[in-house]
Amino acid sequence: MTITFYKYQGTGNDFIIVDNRLQTIEKNNTKRIAQLCDRRFGIGADGFILLETDENADFKMVYFNADGNESSMCGNGGRCIAAFAKFLNIVETETKFVAIDGLHKAKIQDGIVHLQMQNVNTIKTYDKHLFLDTGSPHHVETVSNLATIDVKSKGSKIRYSKLYNAVGSNINFVEKVAQDYFAVRTYERGVEDETLSCGTGVTAVALAMHNKGEVKDQSVRLKTQGGELQVTFNTTKNGYDDIWLIGPALQVFKGEIEW
């Protein structure tokens, strides 16, 4: 079977996206999904996304990591699929869609996508790091040598350490650049490598830095290896709500491949 796919990227976090409203894709074929995401033997991507129909929303997002396994929420992937839905004329400038962690709102305008994330009510603070879930689990650790750190090696050690056992966590290393502005590098589970950007990761960093008292405003700029993102939020008695991940989401190319 020949399928049409689209390649999207959000600050260098790249995804293969397929319109699966007719349910033509076999979702349990993890081996084939992993092959397509392989950068040498396939199309190459950090993740594989299916756009499907949903009775209670404009569409449904089904997300797979590069290893072929269905995964938790992907922020940049969510921004990219919102842009894809606009491209397909499913939505215009605003949308509501369902992902694995529930309902999300998004606004699309001039290549910039604002994605509303789920509320965060728990941030765990430890001696050297913070931990929180922004749709995916995130370890947040401040460092002073971000440019030279071996993210894959150090991130892998933490991801597979006794801290997180078999479930694992995404690992974020953070360095303050200026007031309410942070540089971030992320090791992503499922990709098992550093990615150029991680949407749920920068969201976690913004909230963690605010929780630590490093942020004065309710808007944070985050510099990733693939570009700049913004996270805005509202503080509550229990944590944070009205959280928005903001940044570009662009179609790179369209193609066909045998499934």
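Computed from the coordinates by the stated procedures, all read-outs in this text should not be read as laboratory data. It should be emphasised that the depicted structure is a prediction, and the values quoted were computed from it without experimental measurement. All Cβ positions, glycine included, derive from the backbone under ideal geometry; neighbour counts span all protein chains shown.
Under the rule a/c < 1.5 gives rounded, and otherwise a/b versus b/c splits prolate from oblate, where does the stretch 99-239 land using the Cα gyration tensor?
Details: a/c = 1.31, a/b = 1.27, b/c = 1.04.
It is rounded, given that a/c, with a ≥ b ≥ c, falls under 1.5.
Which of (i) 29, 27, 17; (ii) 24, 23, 18; (iii) 29, 21, 16 is the computed semi-axes √(5λ) of the Cα gyration tensor in Å for the structure on display?
(iii)
What distance in nm lies between label points placed 7 Å from Cα along the C-beta direction at residue 163 and residue 70?
If labels sit at residue 163 and residue 70, their model points lie 2.9 nm apart.
For the stretch 242-259, list residues with backbone N below 19 Å from a point placed 7 Å from the Cα of residue 38 toward its Cβ?
Hits in the stretch 242-259 for residue 38 at 19 Å: 256-259.
Return the subset of 124/176; 107/176; 128/152; 31/105; 31/223 for which the Cα-Cα distance in this structure is over 26 Å, preserving the input order.
Pairs exceeding 26 Å: 107/176; 31/105; 31/223.
If packing is taken as the mean number of other Cβ atoms within 10 Å per residue, what is the order of 146-152, 229-235, 90-96, 74-80, highest first?
Those peptides, ordered most packed to least, come out 74-80, 229-235, 90-96, 146-152.
How far apart, in nm, are two points set 7 Å out from the Cα along the Cα-to-Cβ line at residue 89 and at residue 122?
4.6 nm
Going by Cα centres, the stretch 39-62 and the stretch 227-259 are how many Å apart?
15 Å
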